[in-house]
Amino acid sequence: MAPLPIRDGLNPSRVKLPVEEPPMKAIDFVRFLIDRQRHRAPGDDERALHQRFADGEVVNLRGQAYAPDDLVTPGADIWFYRIPAAETPVPYEIRIIHRDDDLLVIDKPPYLATMPRGRHITETALVKMRKLTGNHDLTPAHRLDRLTSGVLVMVARPELRGAYQTLFARREAMKTYEAIADYSEQLAACPEPLIWESRIEKTRGEVQAYVVDGSANARTRVVSIAPVSDAEQRQLEALHGPLPPQGRYVLAPETGKTHQLRIHMRDAGVPILGDPLYPILHSVDDEDMAIPMHLIARTLTFRDPVSGLDRRFLSTRGMGMM
C-alpha cells in the first residue's frame, strides 16, 4: 500500500535511492528527481519543492515525513507527489459500456493514453475515470495504445486486480479489432485463414517497433476484409481528403506485441489510415487530434474469473471515433 493517498486521480511517485549511491538529503534527492523530468510543470519550482516538505508530503515507506535535511539512505524509498505539466485536452468523449461492483468497462477514444506515462499524465483514461467515478481504486486490467480506440476494462476493487490482470496476461480474453485501410482485392481474395506472423522487437525509448529475423513472436488472424460503404467512404474523405477505396479489416491478434496490428497491416501493404508511425514516422508536433488513427478494439469476450459469467463487451465507436 502506498503511504500517500491518490490525489486528483494520480498515484504518488515512489523512487528508491540506488544502493551504490551515498546518502543524500531528502530535499536534494527530490530536487534531483524534479529537475530530471522531461516534461516539467513550469510552477514546479523551489517554492513548490519546499511546500511539499512543509505539507508532510515527502515520506518513507511507513508514511513518516522527511524533513528537508533528513538523509535518505541507499536502498531506501521516498514517496512524493509530482506536479503534472499542462497537457492538450483530448477532444473526444469517454463512453461507459458497463459498470458493476467488480468492473468498469469504457469505450476509449483515440489520443487518450490508458494510464499515466511520459508526457501523458492527466489526459489518460485511468485518471479521468478515477475523477469521474470517485473510485480511486480503479486499475486497468490491460492496455490499449494511446491512438487505438475501443473496449478497455478497469478493475474496480484492489483485491480483484490479480485475477483480471492474470486473465489478460495469459491471453484468455478474446479480442477483435477493426482497422480501416486501402481496400486490397488481392488480400480479400486470399483463401482462409489468412495469418500474418513476424518477429517484432521494440527498444525502450524508441517510438517505433521493428521486425527482425527469427522465430515469430507476433501472430494475427485476419477474420474478414470488406469494402466500406459509400457513406463511410465520404465520411473518411471528409476527414482525410481524397482517398483510394477503403476497406474494413477485422483482425484477431493471437499475441500482444507492441504495435503488432499496425506493423502487420503495414507489412501487408495496407497501413492503417491515420497511423502516424507506420510506414512513415511523423513528428509529435504534427499531431492533429481532429484526425484519428482508424483502429478500434471492437469486441472483447472472456470467462469472468470472479463470477464465472461469460462476458462480452462491444465498442460502438464509429468512423470519426467521436
Seminar exercise, completed: Checked the range 166-208 with the C-alpha gyration tensor, a ≥ b ≥ c its square-rooted eigenvalues, rounded below a/c of 1.5, otherwise prolate if a/b is larger than b/c and oblate if not; verdict oblate
Exercise. Taking the mean number of other Cβ atoms within 10 Å as a proxy for protection, how do you rank 48-57, 119-128 from highest to lowest?
Worked result: 119-128, 48-57
Problem set entry | the range 1-50: C-alpha gyration tensor shape, a/c 1.5 cut-off, then a/b vs b/c | oblate
Exercise. Given the options D44, D100, D137, which has the most mean-square fluctuation in a GNM of the chain, springs set between C-alpha atoms less than 10 angstrom apart?
Worked result: D100
Problem set entry | Relative contact order of the chain, pairs being alpha-carbon contacts under 8 Å that are 6 or more residues apart, as % | 16 percent
Exercise. Taking a point 7 angstrom from the Cα of R161 along the C-beta vector, which residues in the range 10-44 have backbone N less than 11 Å away?
Worked result: 11
Exercise. What is the Cα centroid distance between the range 165-203 and the range 246-322, reported in whole angstrom?
Worked result: 10 Å
For this session: Select from the range 192-266 those trypsin sites (Lys or Arg not before Pro) which occupy a DSSP coil region and have at most 12 other Cβ atoms within 10 Å, ordered by residue number.
Result: R204
For this session: Multiply the residue gap between R31 and Y210 by 0.36 nm, knock off their C-alpha separation, and tell me the result in nm, one decimal place.
Result: 60.8 nm
Seminar exercise, completed: The answer for A41, listing residues at least 5 apart or on another chain whose modeled amide H is closer than 5 Å to its amide H, is A85
Problem set entry | Accessible area expressed per residue, the range 77-135, with surrounding protein chains retained (probe 1.4 Å, Å²) | 44 Å²
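First check a/c for the range 182-303, with a ≥ b ≥ c the square roots of the eigenvalues of its C-alpha gyration tensor; if it is under 1.5, answer rounded, and if not, answer prolate when a/b is larger than b/c or oblate otherwise.
Working: a/c = 1.72, a/b = 1.14, b/c = 1.51.
Cα axes put the range 182-303 in the oblate bin.
Please give the calculated 222 nm ellipticity per residue for the chain, where each DSSP H segment of at least 4 residues contributes -39500 (n - 2.57) and the sum is spread over every residue; nearest 500 deg cm²/dmol?
Using -39500 (n - 2.57) per qualifying helix, the result is -5000 deg cm²/dmol.
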Exercise. How many Å³ per residue does the convex hull of the Cα positions in the chain occupy?
Worked result: 159 Å³
Problem set entry | Around T301: net Lys/Arg minus Asp/Glu count, Cβ-Cβ under 14 Å | +3
Problem set entry | Cβ crowding within 10 Å averaged over residues, with 165-172, 103-110 ranked highest first | 103-110, 165-172
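The values are calculated or read from the model by the stated rules, or taken from the named source; none is laboratory data. None of these values were measured; they are calculated from a predicted model. Heads up, the Cβs are rebuilt from the backbone with ideal geometry, glycines too, and the neighbour counts pull from every protein chain shown. Heavy atoms of the whole protein, side chains included, go into the accessibility calculation; ligands, DNA and RNA do not. Shrake-Rupley method; radii C 1.70, N 1.55, O 1.52, S 1.80 Å.
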